[in-house]
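First up is the structure itself, then whatever we jot down about it.
The values are calculated or read from the model by the stated rules, or taken from the named source; none is laboratory data. Here the structure is a predicted model, which means the values were calculated and not measured. Virtual Cβ from ideal backbone geometry, glycine too; neighbours counted across all protein chains shown. Surface accessibility is based on the protein's heavy atoms, side chains included, excluding ligands, DNA and RNA. Shrake-Rupley method; radii C 1.70, N 1.55, O 1.52, S 1.80 Å.
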Amino acid sequence: MAIHLLVVDDNELVGESLRDYLQIVGYIVHYTTSGPAALQLAERFPIALVISDIMMPDMDGYTLCHELRRVYQIPVLLMSGFISEYDLKKMAVEGFDNFIHKPFSLDKLARKIREILAESHLQV
């Protein structure tokens, strides 16, 4: 079964690198630089996991997660290089328990994705 991932990051270098790596390890990866475009992709494809940056200009990762959760039961892995104590508390209160701090190794990301998908009973 093909597993679709959605990568959302306004930094094209980061997003495209993640897309390329995750395709190499066997996922079908959809990539966009914005929250609104991510919502459109989630309507079109059977997304198993969203990997989203928190800080983006038009719609932050938290808002994207809330919008996705209103319609879908898609797990989200948030990522950021700038995480404050406030952000950590907000994630805990709002149930965003999947987080990875930038910079991270691609192996660490792949392990985290496998863990989240296993919890959702999906594997690649």
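Listed values, structure above:
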| item | result |
| --- | --- |
| Of all residues making up the stretch 46-76, the number that are assigned to a loop (DSSP other than H, G, I, E, B), more than 21 Å from Arg111 (Cα to Cα) and open to solvent by less than 80 Å² (accessible area, probe 1.4 Å) | 4 |
| Criterion: buried (at least 21 other Cβ atoms within 10 Å of the Cβ), more than 12 Å from the chain's Cα centre (by Cα) and of a type outside the set (D, E, K, R) - qualifying residue of Tyr27, Tyr31, Tyr21 | Tyr27 |
| Residues within the stretch 39-55 that are under 13 Å from Phe96 (Cβ atoms) and out of contact with any Asp or Glu (no Cβ under 9 Å at 6 or more places or on another chain), tallied | 1 |
| Breaking point among (1) surrounded by 15 or more Cβ atoms within 10 Å (Cβ to Cβ); (2) hydrophobic (A, V, I, L, M, F, W, C); (3) free of Cβ contacts under 8 Å to residues at least 12 places away in the same chain, for Leu41 | (3) |
| Scope the stretch 91-115; condition over 18 Å from Val8 (Cβ atoms), outside any loop (DSSP other than H, G, I, E, B) and either touching a Leu at 6+ places or on another chain (Cβ under 6 Å) or modelled with pLDDT under 80 (or both); matching residues | Ala92, Val93 |
| Hits in the stretch 77-90 (condition: without any contact (Cβ under 8 Å) to a residue 60 or more places away in the chain and not in a helix (DSSP H, G or I)) | Leu77, Leu78, Ser80, Gly81, Phe82, Ile83, Ser84 |
